[in-house]
């Protein structure tokens, strides 16, 4: 049976009134905010780094809020190092983007081990000022080292897949493939780290390349 115009209008009014009384559709859930420390650990895992998360330690500026014990990234290390997670993540990137390409370019093989002299160390910077103060028996003074915050590493050398060992102390000034490789690694490191100090910088860096992601900027080639 066909409805009259008046009947259709009444039916439409009932439908509209029923719609006004229904609940609005639920809002989509807000995306969860990922904790920066957790995101950093996730990045290390995705990069296949070998590491162990540690509990925060230290006091004041000489402390690490999100430390990890890193054994290696794409390559093994001569010994584990304790670093802040952001520094560990930067080192893994450095291995992949700087060290391995330079090794293939100069030697045709990959690096299988990186050797370092130290990572976390609660101390001031080692330079002429602190050395002179130590000789005089006065306060060491000086700015706190980025090592004290887990933001630095001192690289001493590399071992290649064919057994060749490249040493900063022996090969930096020696020339040849080893010297060219070390200089390219140091130069390219300035794109990844905030501070890069080499044997050219001062007598306190004759046997290593210092790398850090602290607040200062210096490409000490």
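What to note about this one:
- Check on residue 22, assigned to a helix (DSSP H, G or I) and at pLDDT below 60: no
- Contacts under 7 angstrom Cβ, first residue in the range 206-218 being closer than 9 Å to residue 146 by Cα, partner in a loop (DSSP other than H, G, I, E, B), 6 or more apart: 212/151; 212/193; 212/194; 213/151; 213/193; 213/194; 214/151; 214/194
- Only residues that are under 13 Å from the mean Cα position of the chain (by Cα) and in a loop (DSSP other than H, G, I, E, B) were counted across the range 60-92, and they come to 2.
The values are calculated or read from the model by the stated rules, or taken from the named source; none is laboratory data. Just so it is clear, the structure is predicted and the values come from calculations on it, not from any experiment. All Cβ positions, glycine included, derive from the backbone under ideal geometry; neighbour counts span all protein chains shown.
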